[in-house]
Every structure is written in structure tokens, then in C-alpha cells.
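I have placed the structure first, in the form of C-alpha cells, so that the comments after it can refer back to it.
The values are calculated or read from the model by the stated rules, or taken from the named source; none is laboratory data. None of the values given here were measured: they were computed from a predicted structure. Please note: Cβ atoms are built from the backbone with ideal geometry, for glycine as well, and neighbour counts cover all protein chains shown. Heavy atoms of the whole protein, side chains included, go into the accessibility calculation; ligands, DNA and RNA do not. Shrake-Rupley method; radii C 1.70, N 1.55, O 1.52, S 1.80 Å.
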Number of protein chains: 2
Amino acid sequence: MSPTLADIAAASGYSTATVSRALRGDAAVKPETRAAVLKMCAKLGYKPSVGGRILVQGASAFVGLSLGRTDHATARYVSLLHQALSQQLTETGWALRLVGSEDFTSSLSSVGAMIIIGTKNDDPRIQLCREQGLPNVSIGHDSSNTGFSVVPDDGGGARLVARHFARTGRKKMAIMPSWHPEDDGIVRVRAAACLDEGKKLGLHPELLGPVNSLTSTLDGYRSINAARNKISGFDCLFCETDEHAIGARAALVDSGFQVPRDIAVAGFDDLPDLSADLTTVRQDIPRLAATALELVSKARRREPPQQVVLPVELVVRKSG
Amino acid sequence: MSPTLADIAAASGYSTATVSRALRGDAAVKPETRAAVLKMCAKLGYKPSVGGRILVQGASAFVGLSLGRTDHATARYVSLLHQALSQQLTETGWALRLVGSEDFTSSLSSVGAMIIIGTKNDDPRIQLCREQGLPNVSIGHDSSNTGFSVVPDDGGGARLVARHFARTGRKKMAIMPSWHPEDDGIVRVRAAACLDEGKKLGLHPELLGPVNSLTSTLDGYRSINAARNKISGFDCLFCETDEHAIGARAALVDSGFQVPRDIAVAGFDDLPDLSADLTTVRQDIPRLAATALELVSKARRREPPQQVVLPVELVVRKSG
DNA sequence: GTGCAAAATGTAAGCGCTTACATTGATTTT
DNA sequence: AAAATCAATGTAAGCGCTTACATTTTGCAC
């Protein structure tokens with residue numbers, strides 16, 4: 001069987017209490033001690049069992065993961081994030097509990113903390129957590145959020161794209177924003193930033209009609225098809241998600257355009273496999289997950305709230 | 001705080017042992033007793049804590065959920081299944097641990113059972129579980145599988161579609177199979193059964209070139225577009241997934257066909273929201289999840305293996 | 001009725017882990 | 001130099017739950 005806390009304690013010459021504290025990140029334990037304990041854990045292959053009640057005795061061993069109604073785990077991005085969180089959480093003995101939008105309220109009592117994906121301004125889910133005093137961390141955009149949150153630098157990433165287009169000699173930029181009735185504004189900041197930066201750089205950016213979904217390649221395709229007659233006026237295109245960019249590129253190719261010769265296409269997210277040879281902005285999803293979990297710890301310890309913005313990175317590939 | 005086992009025991013007049021047994025489904029407890037206990041649990045709002053070590057003391061409180069490389073939680077279907085499992089598992093105090101295709105082997109030691117999605121013949125993941133003696137249940141098609149498995153009645157569902165087309169006076173059927181290099185054969189049984197039944201019914205079925213993905217609406221669209229000149233020879237179309245059917249229908253409409261007047265379109269799965277007004281075959285995903293979890297229990301108790309096939313249901317809507 | 005196995009329940013000893021409280025030794029204060 | 005403080009660790013009492021084992025109840029043959 002897998003070694004237990006007691007095994008680690010015996011092997012390293014400390015008490016179970018100290019080992020426990022070291023693993024939980026208690027400030028009372030000396031750094032060298034923690035290091036020794038961690039080393040011994042690695043050596044013996046320690047894995048926490050039971051989903052141990054961490055930080056607060058008697059509290060739930062679960063972290064809830066709430067998806068927005070529209071995410072609904074449908075997007076690759078959300079699913080990757082989910083997996084990263086699940087994996088990293090495993091190492092601490094906690095467990096992730098997926099919470100659907102229907103049973104959010106009823107789940108509050110059975111989790112020790114909540115991670116909320118795709119928050120929007122004044123998201124009612126955050127309110128509910130607050131009322132219950134439940135530690136919560138949101139991943140997504142919410143300018144009004146005064147709690148714990150972590151977001152990728154959407155605006156910065158979009159500006160990188162505009163600058164890249166300008167640098168590579170493009171003259172006229174199209175921007176394809178996405179829109180969904182229930183998600184208003186989650187991703188919109190990308191289009192807005194790209195628009196602004198494009199103006200500054202003299203790319204005369206123009207918004208196309210919005211795509212009626214966040215993550216459907218087909219909708220990206222049809223949007224471009226619908227705007228076919230306008231397209232020849234542009235030589236570069238920015239889409240708010242990679243799914244849209246993929247659909248858009250396919251539509252351009254099917255309409256006889258050469259990508260990137262006639263028109264460069266860039267997306268946002270950089271999803272493994274899917275984004276293949278697309279020029280895009282990479283989000284570091286494992287890091288996003290790690291940061292969210294760090295914030296969960298802090299929230300549980302009632303430390304002061306913190307809003308983190310993670311850097312993103314331009315990845316230039318075949319499409320632009 | 002939430003009531004504990006002891007609270008239930010006190011309130012119902014039994015010992016904690018009996019209550020625990022009742023909740024775990026131990027055969028030693030009298031049916032009336034179990035009923036009384038369950039009733040009291042409902043009354044007091046009992047929720048298991050800690051992710052209690054169920055059935056076998058000291059065993060892991062986690063059930064692993066392994067996705068195939070291509071599922072990668074990308075498909076709506078998989079994500080819905082995931083959520084259903086997660087929700088139902090919650091009620092027993094277990095937790096679901098998402099296992100990526102990369103770290104399957106290393107996860108084996110940290111879960112008490114494994115649910116494997118999208119298995120194919122001689123799936124190596126099943127082999128690995130066997131070697132470790134880890135209880136496992138597969139969801140997916142694997143004719144060679146002698147362990148626990150549960151699958152929807154794909155063949156039966158596809159035949160329902162063919163019969164529906166025949167009954168509504170269609171004469172010539174197109175079938176759009178899907179294909180993915182790593183998923184060979186998972187869903188293929190649908191096309192095969194529809195082909196067979198179509199022949200019997202005089203629908204002169206014909207296979208179109210396969211769609212190079214399992215769940216992309218865009219690929220469905222482009223496949224139909226590519227076969228545009230052949231399409232007018234058909235008056236009904238069966239697609240192996242709803243995503244394909246949605247893409248196909250969009251392509252047909254964009255090409256000037258009337259759906260379902262000129263050509264009827266049917267898919268498979270019936271995904272909430274997404275499948276909206278599509279004629280399709282409904283899978284009962286919550287039931288699939290429940291069955292899988294039942295099998296997990298049996299597997300843990302080392303009961304003899306069982307292969308379950310769940311019935312499906314034709315849902316006729318606007319597209320055909 | 002008595003006996004006896006099987007069925008149903010209780011008793012209590014854990015499980016691996018957390019944490020209130022006690023202890024130790026080093027550092028500072030007086 | 002004694003007293004007071006503090007950082008670091010140990011001690012041990014739980015946490016909610018499971019389960020080996022003991023005990024009681026039941027059903028049924030004689």
C-alpha cells in the first residue's frame with residue numbers, strides 16, 4: 001500500500017503533525033523542515049489519501065468547479081482548464097466537484113471552496129458564495145469583482161496580434177467579435193483591445209458582424225461566408241477564439257483566398273491539437289489552474305483578496 | 001453544520017454501523033431498515049463528508065474517469081456524461097478524478113476504480129486495469145470486452161432512423177459516417193446498422209465519404225459541401241453524430257435545399273440545446289451514468305462481469 | 001416449548017489525517 | 001542572570017466513517 005503520513009514522519013524523523021503542517025503549507029514550519037519532508041514524500045512516493053480535510057477540520061474535501069450556462073464544458077478551453085485543475089488538485093488530496101448551473105445553490109453546502117468559470121459583471125454566483133461565506137475564486141472577466149480572481153491578459157494578447165499584423169506590413173484589419181446572449185462581454189474585451197490598438201497603428205480596423213456563439217467553428221465559417229463580399233477589402237483578420245479562427249480560415253480558403261498571402265488570420269487561446277498551424281495568442285492553462293488553486297488556499301485562510309492577471313504570448317504560425 | 005452519520009443513527013434509533021451499511025448498500029441490512037434510514041437522511045439533509053472510504057476501508061475515495069485521446073472532453077456528449085457522473089457520485093461521497101490520456105498509468109494507484117470512456121477493441125487501458133486488479137467499467141464499444149461495460153444501443157438507434165425514413169416515404173438514403181484515425185470503429189456501428197436496415201427496407205443506402213472527425217459541426221458542413229453535386233440524388237441523410245447533422249443541415253440549407261422537404265436529416269445523441277430542432281436518436285445520459293456507477297459498485301464487490309446495453313429512443317423534430 | 005442456524009444489528013477498534021494544547025530550546029528583555 | 005518571549009515541534013484527542021467481531025433476534029425444524 002501507499003505510504004501514509006505516519007510513514008513519512010517515521011522516515012524523516014518528525015512527528016505526523018509536523019509532516020501534516022508541512023504539506024498543508026502552515027507558516028509555523030521551518031523552511032528546511034518543509035523541504036526535508038517534501039523530499040521524503042517524493043522519495044517514498046507519498047500520495048494523500050481520503051481526500052483529507054485540508055486547512056479546516058471538518059470542512060469539505062471538495063472544491064466546486066462551476067461552469068457558466070454557456071460554457072457547459074462544451075468548449076475545449078474549459079475542458080482543458082478542468083483537467084489541469086483536476087490534476088493539480090489531486091496532488092493535494094482535494095477533489096474537484098463539477099457543478100452544473102442548475103444545482104449551483106444546492107452544491108454550496110457540500111464544497112469547501114468554489115472556483116467559478118466565466119464570471120461576468122455582478123455574477124450572481126459570486127454573490128451567493130459571499131452570502132454563505134464560502135471561499136471563492138473566479139476565472140474570467142469581472143471588472144466589478146473585489147474578491148479573488150485570475151484572468152489571462154486578454155487585452156494585452158489582442159494588442160500583440162494587432163502589433164504583429166502591423167509589423168508584418170498588413171494595412172487593413174477585420175475583427176470578428178463573438179457574442180452570446182448570456183455571455184455578454186466575457187471575451188469582448190479582446191475585440192475591443194484589438195480595435196483600439198489597430199486604430200493606433202493605422203490598421204483602420206473594422207468590426208464584422210458578431211458570431212453568434214463563443215466556440216463553434218461552424219459559426220466562424222458561416223460568419224465569414226456571409227461577409228464574403230466585404231472580405232477582399234481586408235488583409236488581416238482577428239478572431240476572438242481559435243475555434244472562430246479555424247472556421248474563418250476554412251471559409252476564406254473555400255472562397256478562394258490564400259491564407260496568409262491574401263489575408264492573415266489570427267485567433268486566441270492556442271488549444272492543443274486544434275490550433276495546429278494557427279497564429280494565435282497562447283494562454284498558459286496549467287499556470288492558470290495553478291494560480292487559481294493558490295488563490296483558493298489564500299481564500300480559505302481568509303487572506304485579503306487578490307486579482308491576478310496572467311501574461312500571454314503571441315505564437316506565430318502558418319496562418320499569419 | 002451538516003448532520004453526520006451519528007446524527008442519522010440517533011434520530012432513527014439505529015447504530016452508526018447500521019446506518020453506514022444501509023447507505024453503502026450492504027446486503028446484510030433489512031430493506032425496511034434501509035428505507036427508514038434513507039428517509040431520515042432525506043429528512044435531515046444528510047450529505048456524506050470527507051469523500052468517505054466506501055466499501056473497502058483504506059481504499060481510495062476516487063473514481064477515475066479516463067477519456068480517450070480524441071474525446072478529450074471536447075465533445076459535448078462526453079462533457080454531459082462527465083457532469084452526470086459527477087453529480088450522481090456526489091450523493092455517495094465519492095469523488096470523480098479526471099484522468100488524461102497521458103497520465104493514465106500513474107493515476108491507477110490513486111483511484112479505487114476506473115471508468116473508461118470511448119473504449120475500442122483490446123483497449124490497452126482495460127488491460128492495464130486488469131493487471132493491477134483495479135475494478136473498471138467501460139463506456140463504449142468493445143466487442144471483445146469481457147469485463148464490465150455499458151453502451152447505448154447504437155445499432156438499434158440507427159435502425160430506428162432508417163425505419164423512420166422508410167415510413168415517411170423517403171426513397172434514397174445517404175449515410176455520412178465519421179472517422180478518426182485513433183477512434184476507428186467507436187461510432188462506426190451506427191453507420192453499419194443504418195446501412196443494413198436501409199438495404200432491407202429498400203432505401204438503397206449509400207455511404208458518403210467519411211467525415212474526418214467525430215464531433216465537429218464544421219467538418220459536417222464541409223463534407224456535405226464537398227459532396228454537393230451528389231446530394232440531389234438523395235432524399236434523406238443519416239449522420240453519426242448530432243454535430244455532423246447540424247453541420248450537414250447548414251450546408252444543405254446554404255446550398256439551397258429545403259430541409260426536410262427536399263431532404264430529411266437525422267443525427268444521433270440528442271444533446272440538450274445543441275440538437276434543438278433536429279430529428280435524432282436520444283441517449284439517456286443520466287441513466288448511462290447511473291448504470292456505469294452501479295457497475296462500479298459491482299466491480300468493487302468482485303461480482304461477475306456484466307455487459308449492459310441501454311435502449312435509445314427516436315425523437316422526430318423539424319429536420320426530418 | 002427447545003435447539004440452532006441464519007439474519008439483522010450493535011460494539012468498538014481502528015483508518016489517515018488535522019489541530020488544540022503542551023513542550024522545548026533559543027533569543028531577547030529586564 | 002533570571003524572566004519573558006517566541007519560533008518550532010511534539011503529544012494526543014479527536015474527525016466522520018468503516019468493519020471485524022460480538023450479540024441479539026428471527027424463523028423453523030423437531
Does the stretch A:133-140 include one or more residues that are within 11 Å of residue A:197 (Cα to Cα) and either open to solvent by less than 40 Å² (accessible area, probe 1.4 Å) or out of contact with any strand residue (DSSP E or B) (no Cβ under 7 Å at 6 or more places or on another chain) (or both)? no
Which listed residue, of A:169, A:209, is within 28 Å of residue A:139 (Cα to Cα), in a loop (DSSP other than H, G, I, E, B) and without any contact (Cβ under 8 Å) to a residue 40 or more places away in the chain: A:209
Tally the residues that are in contact with a strand residue (DSSP E or B) (Cβ under 9 Å, 6 or more places away or on another chain), in a loop (DSSP other than H, G, I, E, B), small (Gly, Ala, Ser) and more than 17 Å from residue A:81 (Cβ to Cβ), restricting the search to the stretch A:268-303. 0
In the stretch B:253-283, the residues that are closer than 13 Å to residue B:316 by Cα, open to solvent by 10 Å² or more (accessible area, probe 1.4 Å) and more than 14 Å from chain A (Cβ to nearest Cβ): B:260, B:270, B:277, B:282
Before we move on, is residue B:249 within 13 Å of chain A (Cβ to nearest Cβ), open to solvent by 40 Å² or more (accessible area, probe 1.4 Å) and touching a Ser or Thr at 6+ places or on another chain (Cβ under 7 Å)? yes
Residue check, residue A:169 over 24 Å from residue A:309 (Cβ atoms), of a type outside the set (Lys, Arg), modelled with pLDDT of 90 or more and in contact with a Cys (Cβ under 7 Å, 6 or more places away or on another chain): no
Within the stretch A:103-149, tally of residues that are farther than 23 Å from residue A:88 by Cα, among the aliphatic types (A, V, I, L, M) and part of a loop (DSSP other than H, G, I, E, B): 0
Residue check, residue B:5 near DNA strand C (Cβ under 10 Å from one of its atoms) and under 23 Å from residue B:297 (Cβ atoms): yes
Mind checking which residues of the stretch B:284-308 are surrounded by 20 or more Cβ atoms within 10 Å (Cβ to Cβ), of a type in the set (Gly, Ala, Ser) and within 15 Å of the chain's Cα centre (by Cα)? B:289, B:292
Note on the stretch A:172-192: residues outside any strand (DSSP E or B) and at pLDDT 95 or above are A:172
Do we have residue A:26 as closer than 24 Å to residue A:296 by Cβ and among the charged types (D, E, K, R) here? yes
